[in-house]
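Structure, as C-alpha cells:
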Amino acid sequence: MLWVVIAIVLVLIIGGWAVAQYNALVRLRNLVQEAWHQIDTELQRRHDLIPNLVETVKGYAKHERETLEAVTAARAAAVAPGSSPAEQAQQENVLTQALGKLFALAEAYPDLKANQNFLQLQTELTNTEDRVAAGRRFYNANVRELNTKIETFPTSIIANMFKFVKAEYFETQDPTARQAPSVQF
C-alpha cells in the first residue's frame, strides 16, 4: 500500500512538473509572437512613411530616378507577406541601404534639406527606426529565452514531445552596422 501511495505521489509530482514546463514554453512562444507583432507594426509604419518621403524627394530630384526606384523596389519587397524573421531582416537591410542612398541624395539638394515636409518625414523615420531597434532587442531576448528553454534538459523532453521549435532571430546583416565609424579631423 505504501508503494502505491509513493508511486501516485511521484506521478503527480512529475505530471505537475511537466505541465509547468509546457505552460512555460507556451508563455515564451506567445511572448516571441507578441514581440514579432510589435516589430511588424513598426515596420509597417516605416513602410507607410517611405512613399511620402519618395514623393517629397521626387519633386526636387527628378533626374535621380534610379535611387528612387531602388527605394520603391526595396519597400515593395519588404512589405511582401509571408516572410520569416530572417527573410524580413534581409529585406529590411536592403531597404535601409536604399534609404541611406536616398538621404545621401538629399544632401545634394539644399532646398530639399530645408523642406519642412522632408524634415518631418526624416524625423518620423528616424523615430520609427529607433522603435524597430528596441523591438528587435525585445524580440531577440525572448527568442533567446525560448530557444534556451527548448534546448535545455529536461525541458527539451517536453519541447520535443509537443513539437516546440526554435524561433529565428531578427538580426541586421548590414555590414556597415558592424563596422566602427571612421572619424577624421
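On the given criteria, is Phe153 in a loop (DSSP other than H, G, I, E, B), farther than 20 Å from Pro51 by Cβ and modelled with pLDDT of 90 or more?
Numbers: in a loop (DSSP other than H, G, I, E, B): yes; farther than 20 Å from Pro51 by Cβ: yes; modelled with pLDDT of 90 or more: yes.
When the stated conditions are applied, Phe153 passes them.
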Working carefully through the options Asp111, Asp130, find the one that is of a type outside the set (A, V, I, L, M, F, W, C), surrounded by fewer than 16 Cβ atoms within 10 Å (Cβ to Cβ), touching a helix residue (DSSP H, G or I) at 6+ places or on another chain (Cβ under 8 Å) and part of a helix (DSSP H, G or I). Asp111
Go through (1) modelled with pLDDT under 85; (2) exposed (fewer than 14 other Cβ atoms within 10 Å of the Cβ) for Ala141 and report which single condition fails. (1)
Give just the number: which of (1) surrounded by 13 or more Cβ atoms within 10 Å (Cβ to Cβ); (2) at pLDDT below 90; (3) under 18 Å from Val71 (Cα atoms) does Glu124 not satisfy? (2)
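Among the listed residues Ala24, Ala86, identify the single one that is in a helix (DSSP H, G or I), small (Gly, Ala, Ser), more than 24 Å from Glu124 (Cβ to Cβ) and modelled with pLDDT of 90 or more. Break it down stepwise before answering.
On the way: Ala86 fails: modelled with pLDDT of 90 or more.
Just a single option satisfies the conditions, and that option is Ala24.
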When you check Leu102 against the structure, is it more than 17 Å from the chain's Cα centre (by Cα), at negative phi and part of a helix (DSSP H, G or I), yes or no? yes
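The rows are residues; the columns are (1) within 16 Å of the chain's Cα centre (by Cα); (2) modelled with pLDDT of 90 or more; (3) of a type outside the set (Phe, Trp, Tyr).
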{"site": "Lys113", "(1), (2), (3)": "no, no, yes"}
{"site": "Leu119", "(1), (2), (3)": "no, no, yes"}
{"site": "Ala133", "(1), (2), (3)": "yes, yes, yes"}
{"site": "Val165", "(1), (2), (3)": "no, yes, yes"}
{"site": "Glu171", "(1), (2), (3)": "yes, no, yes"}
{"site": "Val183", "(1), (2), (3)": "no, no, yes"}
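The values are calculated or read from the model by the stated rules, or taken from the named source; none is laboratory data. The model shown is predicted, which means the values in this text are computed figures rather than measured ones. Cβ coordinates were reconstructed from backbone atoms using ideal geometry, including for glycine residues, and neighbour counts include every protein chain displayed.
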